[in-house]
Amino acid sequence: MQLFYHPELNSTDSEFSIPKEESRHIVKVLRLKTGDQIHFTNGQGWLFNCTLISANEKKCILSVDQAHYKDPRSIRLHMAVAPTKMNDRFEWFLEKATEIGIEEITPIICANSERKQIKINRMQRIIESALKQSQQLHIPVINEQRKFTDFIQSEVNGQKFIAHCMNGIRTELKNSISSESQITILIGPEGDFSVKEIEMALEHGFKPVNLSNNRLRTETAAIVACHTIALNYD
């Protein structure tokens, strides 16, 4: 099954059109014709079985034959991750996290962050592409970047963890998860969190956890965390 993404598609729609870029891909690249079946999702849990009723490379029109809803998984994982120095590494994390399963991502700017700015529109496109490739129906939320201090001081519900490399008592993430339905995990930059940031996180209820016996890159640590949660809840 090849899956397309249309965020404006509603479960009550009987007919809809798609923009030029997607239409051209359907007609010119995939060579689909009037009467062909196509699958769409709006990223909100709905799978739409559709029929192409007008195959025009400038604007395709489709009818909705059936609409099926899939419940989200029982856990809501929010990863607050420092953007990596090299953009492609953070983009790799976004892609793989979407494939594995994640509900929300917030880029956080830390004291040791080497990258201070990200292009949110590009991040969104990467997530959308990964959603379609992995045939998932719930799209993760990608938030605007935030300063570490601002994020820590905001209201964060559920279980809260910080993965860092400093010496001290840290429990294994897999052994720290309870039955709560929301989990937030902090992953720092290449230079790790600062001592002050770790202390601040602990003061705000974040528990220190270990992800591996090895020293992991930022994007690898974030993926390990996603996979650990997936193994316990999927």
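Of note:
- Where a label projected 7 Å from the Cα of HIS227 along Cα→Cβ would reach, residues of the range 74-109 with amide N under 14 Å: 93, 96-101
- Sum of side-chain charges, VAL141 neighbourhood, beta-carbon under 9 Å (Lys, Arg +1; Asp, Glu -1): -2
- The slack between GLN66 and SER179, meaning 0.36 nm per residue of separation minus the straight C-alpha distance, is 37.2 nm.
- Multiplying the residue separation of CYS165 and GLN44 by 0.36 nm and removing their Cα-Cα distance gives an extension gain of 39.9 nm.
- Summarising the amide proton neighbourhood of SER194: residues at separation of 5 or more, or on other chains, whose placed amide H is nearer than 5 Å comprise ALA111, ASN112.
- Contact order for the chain, expressed relative to its length and based on alpha carbon pairs under 8 Å spaced 6+ residues apart, stands at 20 percent.
- Rough spin-label spacing in nm, given labels placed 7 Å along Cα→Cβ, for SER17 and LYS119: 2.9
- The range 3-69: relative contact order in percent, alpha carbon pairs under 8 Å with at least 6 residues between: 38
- Per residue, the convex hull around the alpha carbon atoms of the chain comes to 128 Å³.
- Sorted ascending by nearby beta carbons within 10 Å, beginning with the fewest, ARG115, ARG146 become ARG146, ARG115.
- Take each peptide in 124-137, 83-96, count the other Cβ atoms within 10 Å of every residue, and average; sorted highest first, the result is 83-96, 124-137.
- If R0 is taken as 45 Å, the Cβ-Cβ distance between ARG217 and ASN10 corresponds to a FRET efficiency of 0.65.
- Bridgeable lysines around LYS20 (alpha carbons under 29 Å apart, same-chain partners fewer than 8 residues away excluded): LYS28, LYS33, LYS58, LYS59, LYS70, LYS96, LYS119, LYS132.
- For the range 3-69, the convex hull spanned by the alpha carbon atoms encloses 68 Å³ per residue.
- Under 5 Å, built H, 5+ apart or other chain: amide partners of ILE18: CYS60
- Of the three principal axes defined by the Cα atoms of the range 1-129, the extents in descending order read 55, 34, 21 Å.
- Less than 5 angstrom separates the built amide H of HIS138 from those of GLY45, all sequence-distant by 5 or more or on a different chain.
- Using the Cβ-Cβ distance between GLU172 and ASN143 with R0 set to 30 Å, the FRET efficiency from 1/(1 + (r/R0)^6) comes to roughly 0.60.
- Taking the three principal axes of the alpha carbon atoms in the range 108-151, the coordinate ranges are 37, 17, 15 Å, sorted in descending order.
- Evaluated with a Cβ-only charge set (Lys, Arg +1; Asp, Glu -1), the range 152-198 carries a dipole of roughly 120 debye about its Cα centre, given to the nearest 20.
- Helical content of the chain, expressed as a calculated mean residue ellipticity at 222 nm, amounts to -8500 deg cm²/dmol (DSSP H runs of 4 or more residues, -39,500 (n - 2.57) each, divided by residue number, nearest 500).
- Computed over neighbours whose Cβ is under 13 Å from that of GLN153, the net charge equals -1, Lys and Arg +1, Asp and Glu -1.
- Under 16 Å from LYS174, Cα to Cα: lysines that are on another chain or at least 8 residues apart: LYS160, LYS207
Every number here is computed from the coordinates shown, using simple stated rules; none is lab data. What you see is a predicted model, and the numbers here were worked out from it, not measured in a lab. So basically every Cβ, Gly included, is an ideal-geometry build from the backbone, and we count neighbours across all protein chains shown.
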